[in-house]
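First the structure, in the form of structure tokens, and then the observations on it.
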Amino acid sequence: MRDITDFKDNLRREHGQAVATVNRALVTVRRFFAWLVEQSHLQANPARKVKELKRMALAPKGLDRSQVRRLLREVELREDVRAVAIFSVMLYTGARVSDVVNLEMADLLLTERTGTVVFRFGKGSKQRSVPLPLPARRALLVYLESRPPSQSQKVFVGERGALRDRGVRALCDKYSALIGVKLHPHLFRHTMAHQFLSDNGNDLVSLSQLLGHESLNTTARYTKRSEQQLAEASERLNY
């Protein structure tokens, strides 16, 4: 056990490895020794009780306003109404990619004045209703007017039927290349969470309900600062 601890400390102090790198190395060593125990080469795993290094918890990264505007501008210029609707749903509701691809026509309640979307197959098979702000309602209405005929009841469809997880990720990859910002479906959920708290006085209770979190502790991670925010705050120090 002492040798494993020294190995961990050497990686961090002598070689200057990042905390994540050190922890990955420790996990690899732990698994190797576990295999040796399984093969009866050792009686016990000497790395089992060696703790991983702790990292300062940071907020999940989201897009800033300028990046969101750049994305939506690019999508609108290409008249990609389905992409506008998909990105708008994720940006204004915090939907997961599974929420988006499982969304059915009956789950949309849309009028000019109000709108609600029901995510019936959320994480842990939980159902939640989320209000749809005006920009998301408009984007959906425009898409639904041009939605191709389909036997599928799913909201988002393509030439081959209902859009799948892979299709949403491909859409993210396409616009990542066009705007020069790495996009992935969960990034939109993080973006919505940060923007909601910023615009609503850090209302964690409401955000937790919108995102479908069981615990406020899960939602509270969005109140932490990102590395960039910490760097900008440090730059404002003046003695």
- Item | Relative contact order %, the chain, counting alpha carbon pairs below 8 Å whose residues are six or more apart | 21 percent
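Using DSSP H assignments, which helices in the chain have an axial alpha-carbon span of 30 Å or above and a mean Kyte-Doolittle hydropathy of 1.6 or higher?
none
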- Query: Gaussian network model of the chain, Cα springs within a sub-10 Å range: biggest mean-square fluctuation belongs to which of Gly212, Gly16, Gly62?
  - Reply: Gly16
- Item | Efficiency of FRET between Leu77 and Asp165 - r from beta-carbon atoms, R0 45 angstrom, step 0.05 | 0.95
- Message: What whole-number volume per residue, in cubic angstrom, does the convex hull of the C-alpha atoms of segment 123-239 give?
- Response: 169 Å³
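What whole-number value in cubic angstrom gives the convex hull volume per residue for the C-alpha atoms of segment 15-158?
Output value, Cα hull per residue: 220 Å³.
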- Pick from Ser88, Ser40, Ser206: which is most flexible by mean-square fluctuation in a GNM of the chain where alpha carbon atoms under 10 Å apart are linked? Ser40
- Task: Go ahead and set up a Gaussian network model of the chain, Cα springs under 10 Å, then flag whichever of Met105, Met90, Met192 fluctuates most.
- Result: Met105
- Message: With a cut-off of 8 Å between alpha carbons and a minimum separation of six or more residues, what is the relative contact order of segment 107-214 in percent?
- Response: 15 percent
- Note on the structure: Once Gln43 and Ser66 are pulled to full extension, the length gained, defined as 0.36 nm per residue separation minus their Cα-Cα distance, is 2.5 nm
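Per residue, how large is the accessible surface of segment 105-239? Use a 1.4 angstrom probe and give square angstrom.
On the way: 8560 Å² over 135 residues.
Counting only protein heavy atoms, the per-residue value for segment 105-239 is 63 Å².
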- Computed label-point distance, nm, for sites Lys182 and Asn202 using a 7 Å Cα→Cβ extension: 2.9 nm
- At most 15 other Cβ atoms within 10 Å plus a DSSP loop assignment makes a site exposed; report the longest stretch of the chain without any exposed GluC sites (Glu not before Pro). 160-213
- Within the accessible area of the chain (1.4 Å probe), percent carbon and sulfur: 48 percent
- Message: When the expected Rg is taken as 2.2 N^0.38 Å, what fraction or multiple of it is the alpha-carbon Rg of segment 108-182?
- Response: 1.27
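The values are calculated or read from the model by the stated rules, or taken from the named source; none is laboratory data. All of these numbers come straight from a predicted model, not from anything done at the bench. Cβ sites come from the backbone with ideal geometry, for glycine too, and all protein chains shown count toward neighbours. These accessible areas exclude ligands, DNA and RNA; they are computed on the full protein's heavy atoms, side chains included. Shrake-Rupley method; radii C 1.70, N 1.55, O 1.52, S 1.80 Å.
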